Amino acid sequence: MEDSKTELSVLVDRSVGGSSLADGQMELMLHRRLLFDDSKGVAEALNETVCVDNECQGLTIKGNFYLRIDPLGEGAKWRRSF
């Protein structure tokens with residue numbers, strides 16, 4: 001994401017979904033959990049759980065997001081250094 005003077009870089013340590021539905025906005029999705037089928041193609045709920053002693057909880061995902069704002073044209077150096 002950039003404007004006339006600066007650029008925003010985002011690096012992550014695993015695959016994520018992302019979109020920009022409007023100028024100046026960014027959405028990143030690390031893990032999606034749905035209790036009911038969303039009718040988007042998989043025909044099942046996306047409800048991954050972890051069960052211990054017959055007690056189940058939603059799967060916990062931890063990830064690292066690295067954000068950086070640089071002068072326009074300078075962010076590529078940082079991204080390549082990772």
For the stretch 13-22, indicate whether the set of residues that are at pLDDT below 85 and surrounded by 10 or more Cβ atoms within 10 Å (Cβ to Cβ) is non-empty. no
Looking for whichever is among the basic types (Lys, Arg), surrounded by 12 or more Cβ atoms within 10 Å (Cβ to Cβ) and not in a loop (DSSP other than H, G, I, E, B) here; the options are Arg33, Arg68. Which one fits? Arg68
Of the listed residues (Gly41, Gly17, Gly73, Gly58), the one being out of contact with any His (no Cβ under 7 Å at 6 or more places or on another chain), of a type in the set (Gly, Ala, Ser) and touching a residue at least 60 places away in the same chain (Cβ under 8 Å) is Gly73
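The values are calculated or read from the model by the stated rules, or taken from the named source; none is laboratory data. Every value quoted in this text rests on a predicted model; they were computed, and no experiment measured them. Quick reminder, even Gly has a Cβ in these numbers, built from the backbone with ideal geometry, and neighbours come from all protein chains shown.
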